[in-house]
Amino acid sequence: MSDWVLLGLIAALVVLLLLTVFGFVVYSGLFTEVVVSAGSPPVGNITLAYKFRVGPYGESGQLFTDGCSISSKLCSIGVYYDNPYTVPPEKCRFAIGRILSEGDAKPSEEQIKRFQKYGFKIFSFPAPSHVVMASFPFTTPLSIHLAVNRVHPALDTYIKERKLCAHPRIEIYKEDRIYFVCPLARQGDFYVPEMKELERKSRAAAAEAEDAQTDITGADTVSETSSISIEATTDSRDTSVATSILLPFPASRGREEADNRSEHSYSESGASGSSFEELDLEVTGDGEGAPGLLPNVGYVGNQEVTEKWTKEPIAAERGEE
């Protein structure tokens, strides 16, 4: 009889353990509905202390820990610039840090010096006018893994269906929520200086490669033009038409440059030029979106995405040079 009692106690303990684990996972946000919307952002302009890295996104955890060890009371922030589904892990670029101040508040000199002492740099992001955004509960460490696996696919689907240019991906860990924010305009304002420098070098290398290709093919193009122009009629209009057909490089140069610039993009835009103006946003009298706009589409659970984070042109350099 004592054996049966012992087995019953063990079974009861196993059931209680399973219920505890299940309750922990549910509390972490397992069944939370992921709602993606477009509108005004959940935060204003911010000043952050950050560290920039090039490498697998999995290495960001240590940077989050570094920031928390300096000040546990501040909110964490992560900015991810590249699409991990199309860019090799060793080439992904990201910045991780802590938010020193938000809105009109100014960070204290003591905080700035403390973070700089441990290798952090200081930078400010403006308040974006419109964003694609979503949020997820931040109740346990498991919430981070659930959020990454559920929110990003929902953002991908929303951005892809509306053919938007929304990047980079910004994660803000604020109190008991994780906010996922993708700016729809002036994306270059959210590029830290190291990222801007890498973009300039990338564009310069692409331009040099294109010029070299043009030099190689230019001689053949000119010779073909010359041979045909000898046989052409004296009609200047016909000659100009023939020449324009035989010299395709000037007309296609802009498109090639756009392709070169799309190597690392994190955006999910299905068409160039698509912007937040095409969304069905509510607008106030001064033309700015009202807070809490458009819970248009809700994405629940592990919704599949056919194409994840395709390559699109980066708008970081607009207004920078």
Using distinct alpha-carbon pairs, which all enter the 1/r mean, Kirkwood radius of segment 34-197 in Å: 16.1 Å
Ranking I170, I144 from most to least accessible area with a 1.4 Å probe gives I144, I170
Relative contact order for segment 34-197: what is it in percent, counting Cα pairs under 8 Å that are at least 6 residues apart? 31 percent
The correct ranking of R162, R114 by accessible area at 1.4 Å, largest first, is R114, R162
If segment 1-97 were replaced by its equivalent ellipsoid, with semi-axes equal to the square roots of 5 times the Cα gyration tensor eigenvalues, what would those be, largest first, whole Å? 42, 18, 17
Too-long pairs where the Cα-Cα distance tops 31 Å, listed order kept, from K73/K160; K113/K163; K117/K160; K73/K163; K163/K196: K73/K160; K113/K163; K117/K160; K73/K163
Could you work out the relative contact order of segment 115-197? I mean the mean sequence separation of Cα pairs under 8 Å and 6+ apart, divided by the number of residues, in percent. 38 percent
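The values are calculated or read from the model by the stated rules, or taken from the named source; none is laboratory data. Predicted model, so just to flag it, every value in this text is computed and none were measured. In case anyone asks, the SASA skips ligands and DNA or RNA and just uses the protein heavy atoms, side chains included. Shrake-Rupley method; radii C 1.70, N 1.55, O 1.52, S 1.80 Å.
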